[in-house]
Amino acid sequence: MTSLLCPESVPVRLQRDPCFRACESMDDDEIYANGIFEFNITRLLAYIGTAGGFRAESVALDDIPGAGNGARLNELTILAADLSRPVILAEIAPGRYNLIDGHHRVAKARREGVPNIRAYRIRCPEHVAFLTSARAYETYIEYWNSKVEDALGIFPRRRRTRRDRGSRAAGSSANRSVWRDGPRR
């Protein structure tokens, strides 16, 4: 997976939408699969084309490390790639973007020595609607929110266990185990 770092505003936690419906896929839809996270690229491109407000920007190929170098890329598709068509970068963690559409175009641009490529940068939560399963949606919400907490320096409260409580002997180090909100300073 390739990732492009881009400083943004303060990230926001995602709230689960109880009415979420997975993005349906037709047989000929292009799907980007990254583990459990599958995005319907065909529907996302249609949304970009009709929603307005999306502007392709120039992105340096050096800022998309590793993209276009995969052994799974089809040579004929690389040769036929249309470099005038923007790639899609999706925000997968606060300020961090992954290439989810355009690997063949990036490969062609690299081979031709093109320094920049046009790209749509799709921020979270806009691309979440294009996940293809409810399981992926639920998992993505948890993943994103953990990345927001990391970015903001929020550490989940650690629960004490019986083992943490240990001996109640005076002066025992186990007796000092208490609820904490983050690492010991």
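The values are calculated or read from the model by the stated rules, or taken from the named source; none is laboratory data. Please read all numbers here as calculations on a predicted model, not as lab measurements. For neighbour counting, all protein chains shown are included, and Cβ atoms are generated from backbone atoms with ideal geometry for every residue, glycine included.
Taking ALA67, is it under 28 Å from GLU149 (Cα atoms), at pLDDT 95 or above, in a loop (DSSP other than H, G, I, E, B) and touching a Leu at 6+ places or on another chain (Cβ under 9 Å)?
It is false that ALA67 is under 28 Å from GLU149 (Cα atoms), at pLDDT 95 or above, in a loop (DSSP other than H, G, I, E, B) and touching a Leu at 6+ places or on another chain (Cβ under 9 Å).
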### Query
Which residue out of ASN74, ASN34, ASN69 is of a type in the set (S, T, N, Q), closer than 16 Å to GLU112 by Cα and surrounded by 10 or more Cβ atoms within 10 Å (Cβ to Cβ)?
ASN69
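Check ARG135, ARG105, ARG55, ARG118 and return the single one that is assigned to a loop (DSSP other than H, G, I, E, B), basic (Lys, Arg) and more than 14 Å from the chain's Cα centre (by Cα).
ARG55
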### Task
Determine if the stretch 85-104 includes at least one residue that is aromatic (Phe, Trp, Tyr) and within 22 Å of ARG13 (Cα to Cα).
yes
### Message
Checking GLY53 against (1) out of contact with any strand residue (DSSP E or B) (no Cβ under 6 Å at 6 or more places or on another chain); (2) surrounded by 12 or more Cβ atoms within 10 Å (Cβ to Cβ); (3) of a type outside the set (S, T, N, Q), only one condition comes out false. Which one?
### Response
(2)
### Message
For the structure I just gave you, tell me whether ALA81 is within 23 Å of TYR143 (Cβ to Cβ) and buried (at least 17 other Cβ atoms within 10 Å of the Cβ).
### Response
no
